[in-house]
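Have a look at the structure below before the remarks.
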Amino acid sequence: MPLPPLYGHEGTRNRLVGAIASGRLPQALLFEGPRGVGKQRLALWLAQALVCQSPGGGPGRAKGPPCGECQPCKLVLTLSHPDVHWFVPLEPSKRGADQDRQVDAVEDALAEEMAARRERPLYEPASGLAIHSIGAVRLLLRRLAYRPVLGRRRVFVIGDAERLVPQPGSDAAANALLKALEEPPVDTVFVLTSAAVEALPPTIVSRIVRVRMARLADSIVAAFAQQELGIHGQAELRQRVGLADGCPAGSLRRRTGVMPMRRPQGGSYKR
Ligand SMILES: [Zn+2]
């Protein structure tokens, strides 16, 4: 199944498309905002905009949003584009301590996770144990050494990037990524996403351009719940939209004892 469409964030989309058109898109970006607001989905949308053959709707037209129809767009939407690398946190492998085997284990686990997301694109948040291990960063660096397969650009998306540092002081994976972020190859864009930027090392944050993503209007969350989850009963819709608090993925949950995703006390995110 293809990914569900991106809901909301029109202003941010316009700024990103404008930056691509003028050749000023930073090569290392950090999408930050509350959990479930659509950071990784926007990162994949940006990847699509970067590899699309006719952004803006047709060859010769002004640069614009991804067309959604060309082959590269379709490959991104089915998580199958060879130049769009989506890294998500994974539970650590128990397979050997040997470096190459660790990288192979991460590659297998990531492929398995992507296959699961192709089947079921509306995924649950990463488990508490899942991290971006040093093996995952080595896999990223291995892929970075190849040339793009299909086009002239490639994109690395690192979701829940704060999991590069599984606990304070464990920054081997983050450190291994630093040089790549500092001097990315000209054809490469990195997009990190995080709902907990304060957990990322300052050395990482200082090398990337931060893009803040705000909570969405209830009407947009309601549209997501209706169209993507098929929820039409008014009472349930109202309940889910209330729990989601401006984050579409929050509407995946019912009130079943799961903690709702309220914003942090004091509201550290811009609305
Ligand atoms: Zn396209």
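Read-outs throughout are calculated quantities, based only on the coordinates presented, and are distinct from any laboratory measurement. Please read all numbers here as calculations on a predicted model, not as lab measurements. Every residue, glycine as well, gets a Cβ built from its backbone with ideal geometry; the counts of neighbours run over all protein chains shown.
Which far-off residues, 5 or more places away or on another chain, put their amide H under 5 Å from the one on VAL84, with H placed in the peptide plane?
When sequence neighbours closer than 5 places are left aside, the close amide H contacts are VAL155.
Where in region 69-162 are there trypsin sites (Lys or Arg not before Pro) that are in a DSSP coil and have at most 10 other Cβ atoms within 10 angstrom of their Cβ?
For trypsin sites (Lys or Arg not before Pro) across region 69-162 that sit outside H, G, I, E and B with at most 10 neighbouring Cβ atoms in 10 Å, the list reads LYS94.
Quick one: which residues, 5 or more positions from LEU29 or on another chain, have an amide H under 5 Å from its amide H? H modelled 1.01 Å from N in the peptide plane, none for Pro or chain starts.
HN-HN under 5 Å from LEU29: PHE190, VAL191, LEU192, VAL209.
Based on the Kirkwood radius over alpha-carbon pairs, what is the Stokes-Einstein translational diffusion coefficient of region 158-225 at 4 °C with 1.567 mPa s viscosity, in µm²/s?
Rounded to a whole number, D works out at 95 µm²/s.
Looking at the chain, send over the antiparallel percent of its DSSP beta bridges, to the nearest 5.
5
Just to check, using Stokes-Einstein with a Kirkwood Rh over alpha carbon pairs, what's the diffusion coefficient of region 83-162 at 37 °C and 0.692 mPa s in µm²/s?
Translational diffusion coefficient: 245 µm²/s.
Any idea what the relative contact order of the chain is, in percent, if you count C-alpha pairs under 8 Å spaced at least 6 apart?
Relative contact order comes out at 25 percent.
Taking region 13-212, how many lysine pairs are there with alpha carbons less than 25 Å apart, if each pair must be eight or more places apart or span two chains?
4
Ignoring everything except DSSP H segments at least 4 long, calculate the 222 nm mean residue ellipticity for the chain; use -39,500 (n - 2.57) per segment, divide by total residues, nearest 500.
Computed ellipticity for the chain at 222 nm equals -11500 deg cm²/dmol.
Give me the tail of P(r) for region 13-212 as a percent: Cα-Cα pairs with distance above 28 Å.
It works out to 22 percent of all Cα pairs.
Testing the spin-label approximation: label points 7 Å from Cα along Cα→Cβ at ALA19 and SER170. State their distance in nm.
3.1
Using θ = phi - 60° and the Karplus relation 6.51 cos²θ - 1.76 cosθ + 1.60, list the HN-Hα couplings for region 78-87 in order, rounded to whole Hz, with x at every Gly or Pro.
Here the 3J(HN,Hα) series is 10, 6, 10, 6, x, 9, 10, 10, 9, 9 Hz.
Lys/Arg Cβ at +1, Asp/Glu Cβ at -1, dipole of the chain taken about the Cα centre: which of ALA111, SER93, GLN227 is farthest positive-ward?
Towards the positive end, the residue furthest out is GLN227.
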